[in-house]
1. In this structure, is Arg105 more than 17 Å from Asp53 (Cβ to Cβ) and not in a helix (DSSP H, G or I)?
2. Scanning for something among the polar types (S, T, N, Q), surrounded by 13 or more Cβ atoms within 10 Å (Cβ to Cβ), in contact with a Leu (Cβ under 6 Å, 6 or more places away or on another chain) and at pLDDT 70 or above, does the stretch 166-187 turn up at least one residue?
3. Consider the stretch 91-125. How many of its residues are of a type in the set (Gly, Ala, Ser) and within 28 Å of the chain's Cα centre (by Cα)?
4. Output yes when any residue across the stretch 72-93 is farther than 30 Å from Asp187 by Cα, surrounded by 14 or more Cβ atoms within 10 Å (Cβ to Cβ) and touching a helix residue (DSSP H, G or I) at 6+ places or on another chain (Cβ under 6 Å), and no when none is.
5. What number of residues within the stretch 188-207 satisfy the criterion of being polar (S, T, N, Q), free of Cβ contacts under 8 Å to residues at least 60 places away in the same chain and either surrounded by fewer than 11 Cβ atoms within 10 Å (Cβ to Cβ) or not in a strand (DSSP E or B) (or both)?
6. Within the stretch 152-187, track down each residue that is within 30 Å of Ala141 (Cβ to Cβ) and part of a loop (DSSP other than H, G, I, E, B).
Amino acid sequence: MKIPASLRPGVLVLAFLIAIFLWGIASGTTDAERGLDIPVELHKLNESLVVIDQSVDEINVRVMGSRAALRNVKLDSFKYEIDVSGGKPGVAVYDVDVSRIDLPRGARFVSHSPSRVQVRFEKRGRKAVQIRAELEGEPAAGHHVVSVLVKPSKVWLAGARSQVMRLDEVATETINLAGLDADTEMDVRVNLRGGSTVWMEKQEPVKVQIRIEPDVLPEPEEAESTALLGSGLGVREVRR
């Protein structure tokens with residue numbers, strides 16, 4: 001059977017390539033929609049203030065454009081910056097204006113949420129507090145703890161004033177004494193209450209030195225006399 005000229009292999013291949021080309025053009029020009037979460041970043045915060053609360057950390061946006069344009073939208077390149085240089089203690093409200101964010105040509109924002117970002121500011125405070133070693137467990141049998149020394153003994157804290165001023169001390173991470181039978185020195189972390197609103201002014205290492213000694217056993221003669229008195233024999237000997 002003879003294949004018509006219009007259906008020869010070369011013509012079929014050409015038709016197939018043209019179809020792919022046309023599909024590519026259609027795919028690149030047809031509008032599509034995509035959702036994005038853009039991180040919120042606060043800029044120019046006054047050094048006398050601390051952010052203690054923020055209503056949202058991301059702005060959800062819907063972007064519409066050609067498929068080709070949306071393929072060029074890279075999440076890592078977007079962020080929504082808020083200038084908080086005029087902030088004061090209390091709550092500030094900032095309107096969200098996504099038009100300030102540059103999109104690739106052929107893409108546009110169609111919606112965003114939320115429309116506002118609330119930020120709560122508080123005055124910054126600082127205070128020097130004691131560092132307490134948090135201990136648990138018991139040394140090895142026949143041993144006892146003589147002393148625990150923390151270096152430095154104090155640390156300067158900074159952060160939200162209401163949180164900082166209520167602290168009188170901070171504790172180290174838990175140190176397990178179980179099985180220890182000799183002096184020990186270790187670097188430890190400090191656990192801070194208040195989360196991200198309280199921090200140490202200097203991130204210096206904290207060392208804890210623990211002195212451990214064997215229990216003092218009574219002298220043999222003393223032990224024997226104690227045993228005799230305990231049994232009543234010592235008393236009978238005195239009466240004689």
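1. When the stated conditions are applied, Arg105 passes them.
2. The answer is no, given that none of the residues of the stretch 166-187 is among the polar types (S, T, N, Q), surrounded by 13 or more Cβ atoms within 10 Å (Cβ to Cβ), in contact with a Leu (Cβ under 6 Å, 6 or more places away or on another chain) and at pLDDT 70 or above.
3. Narrowing the stretch 91-125 to residues of a type in the set (Gly, Ala, Ser): 92, 99, 106-107, 111, 113, 115, 125.
Those left that are additionally within 28 Å of the chain's Cα centre (by Cα): 92, 113, 115, 125.
Residues that pass the stated criteria total 4.
4. No, that holds for no residue.
5. Our first condition is that a residue be polar (S, T, N, Q); within the stretch 188-207, this holds for 191, 196-197, 203.
Filter once more, so that each one left must be free of Cβ contacts under 8 Å to residues at least 60 places away in the same chain: 191, 196, 203.
Restricting the remaining residues to those that are either surrounded by fewer than 11 Cβ atoms within 10 Å (Cβ to Cβ) or not in a strand (DSSP E or B) (or both) gives 196, 203.
Within the stretch 188-207, residues that are polar (S, T, N, Q), free of Cβ contacts under 8 Å to residues at least 60 places away in the same chain and either surrounded by fewer than 11 Cβ atoms within 10 Å (Cβ to Cβ) or not in a strand (DSSP E or B) (or both) number 2.
6. Keep residues of the stretch 152-187 that are within 30 Å of Ala141 (Cβ to Cβ), which gives 171-187.
Residues satisfying the conditions are Glu173, Thr174, Leu177, Ala178, Gly179, Leu180, Asp181, Ala182, Asp183.
Quick grid of which residues meet (1) hydroxyl-bearing (Ser, Thr, Tyr); (2) assigned by TED's automatic domain parsing to the domain that holds Val208; (3) within 25 Å of Ser196 (Cα to Cα):
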{"position": "Glu81", "(1), (2), (3)": "no, no, yes"}
{"position": "Val84", "(1), (2), (3)": "no, no, yes"}
{"position": "Gly87", "(1), (2), (3)": "no, no, yes"}
{"position": "Gly90", "(1), (2), (3)": "no, no, yes"}
{"position": "Tyr94", "(1), (2), (3)": "yes, no, yes"}
{"position": "Gln118", "(1), (2), (3)": "no, no, yes"}
{"position": "Glu134", "(1), (2), (3)": "no, yes, yes"}
{"position": "Ala141", "(1), (2), (3)": "no, yes, no"}
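The values are calculated or read from the model by the stated rules, or taken from the named source; none is laboratory data. Note that the structure is predicted; figures quoted are calculated from it, not measured. Cβ coordinates were reconstructed from backbone atoms using ideal geometry, including for glycine residues, and neighbour counts include every protein chain displayed.
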